């Protein structure tokens, strides 16, 4: 009988509606005033070890990730959401080893007056 290696199942730790304020944008008015950004972050990782150990070090701490995103956004002065989102995803992958894949959505509700919100969705995966 041949033995098959099965990949660990992936689970999702998520953060929804993380509200921040940022200097971001290409227009003069965007460079002068902070505007709201709202993040939804899905982080895929296997949780089986954490479920067995009951140890936060075997998973990802969503409070810590939230605090780190708030700090990154507060200190950023990027013009493009693309740059900020890439920075956030790379930070999470570099600092939270359990996370294998990130789906990040950022909404910029004040950017286009005629809309509820505009924004960006990106997916980044840990290099194998």
What helices (runs of 4 or more DSSP H) lie completely within the stretch 1-79 and have 1 or more residues being closer than 21 Å to residue 91 by Cβ and within 19 Å of the chain's Cα centre (by Cα)? 62-75
For the stretch 2-25, give me the residue count where each residue is within 30 Å of residue 112 (Cβ to Cβ) and at pLDDT 85 or above. 12
So for the stretch 83-95 (the condition being more than 19 Å from residue 120 (Cβ to Cβ), within 18 Å of the chain's Cα centre (by Cα) and surrounded by fewer than 16 Cβ atoms within 10 Å (Cβ to Cβ)), does at least one residue qualify? yes
Of everything in the stretch 31-66, what is surrounded by fewer than 18 Cβ atoms within 10 Å (Cβ to Cβ), touching a residue at least 60 places away in the same chain (Cβ under 8 Å) and either over 17 Å from residue 111 (Cα atoms) or out of contact with any strand residue (DSSP E or B) (no Cβ under 8 Å at 6 or more places or on another chain) (or both)? Give them in sequence order. 40, 42
If I filter the stretch 98-107 for residues that are out of contact with any helix residue (DSSP H, G or I) (no Cβ under 6 Å at 6 or more places or on another chain), loosely packed, with under 14 Cβ neighbours inside 10 Å and outside any strand (DSSP E or B), do I get at least one hit? no
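The values are calculated or read from the model by the stated rules, or taken from the named source; none is laboratory data. Predicted model only: the values in this text are computed from it and were never measured. Cβ: placed from backbone, ideal geometry, glycine included. Neighbour counts: every protein chain shown.
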